[in-house]
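The block underneath contains the structure these notes are about, expressed in structure tokens.
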Amino acid sequence: MSKKYVGNRALDAGAGSGALIKRIPNAIGLDLVSRDARTVKGDISNMPFMSSSFDTVFATELLEDLSDQTLSKGLDEIRRVLKPGGAVIITVPCKEDLRQSMMLCLKSGA
């Protein structure tokens, strides 16, 4: 569905395993851990890229995991590195019970 929005240079913010960048020519990933030559180690809230560097920025299954402050900075960074007229493609979990993934701290009860 997103193929028509992918430009010459694409960024996968929160690339994880790199599955998405392997499918898109000229794409690079950004992740807290650099797993290969096409993934840059970095944080969405302070991206190590020049402004207006990408035609397309992906943020798949990432934003829901960020604190409010990191989310705000991350969205600002996406806007900064995206070329004018570029596309941002965001996915978040749908109908997922996030409570099933939560853990209880026995010490604090949080």
**Message:** Need the failing condition index for GLY42 against (1) surrounded by fewer than 16 Cβ atoms within 10 Å (Cβ to Cβ); (2) within 20 Å of LEU32 (Cα to Cα), just the number.
**Reply:** (1)
**Asked** Can you tell me which residues in segment 18-50 are among the polar types (S, T, N, Q) and at pLDDT 90 or above?
**Response** THR39, SER45, ASN46
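Looking at SER72, SER108, SER51 in this structure, which one is polar (S, T, N, Q) and in contact with a helix residue (DSSP H, G or I) (Cβ under 8 Å, 6 or more places away or on another chain)?
SER51
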**Request:** Collect the residues in segment 58-75 that are over 17 Å from LEU32 (Cβ atoms) and surrounded by 12 or more Cβ atoms within 10 Å (Cβ to Cβ), keeping them in residue-number order.
**Result:** SER72, LEU75
**Request:** Give segment 51-66 a look and list any residue that's at pLDDT below 90 and of a type in the set (A, V, I, L, M), or say none.
**Result:** LEU62, LEU63, LEU66
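Look at LYS83 and say whether it is of a type in the set (Lys, Arg), surrounded by fewer than 16 Cβ atoms within 10 Å (Cβ to Cβ) and out of contact with any His (no Cβ under 9 Å at 6 or more places or on another chain).
Considered against the rule, which asks whether it is of a type in the set (Lys, Arg), surrounded by fewer than 16 Cβ atoms within 10 Å (Cβ to Cβ) and out of contact with any His (no Cβ under 9 Å at 6 or more places or on another chain), LYS83 comes out as no.
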**Prompt:** If a residue has to be within 13 Å of the chain's Cα centre (by Cα), surrounded by fewer than 24 Cβ atoms within 10 Å (Cβ to Cβ) and not hydroxyl-bearing (Ser, Thr, Tyr) to count, how many in segment 9-18 make the cut?
**Reply:** 3
**Request:** Considering (1) surrounded by 12 or more Cβ atoms within 10 Å (Cβ to Cβ); (2) within 27 Å of LYS4 (Cβ to Cβ), say which one MET50 fails and leave the rest.
**Result:** (1)
**Prompt:** Looking at (1) in contact with a Ser or Thr (Cβ under 9 Å, 6 or more places away or on another chain); (2) more than 16 Å from ILE90 (Cβ to Cβ), which is the only condition ARG38 fails?
**Reply:** (1)
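The values are calculated or read from the model by the stated rules, or taken from the named source; none is laboratory data. None of the values given here were measured: they were computed from a predicted structure. Every residue, glycine as well, gets a Cβ built from its backbone with ideal geometry; the counts of neighbours run over all protein chains shown.
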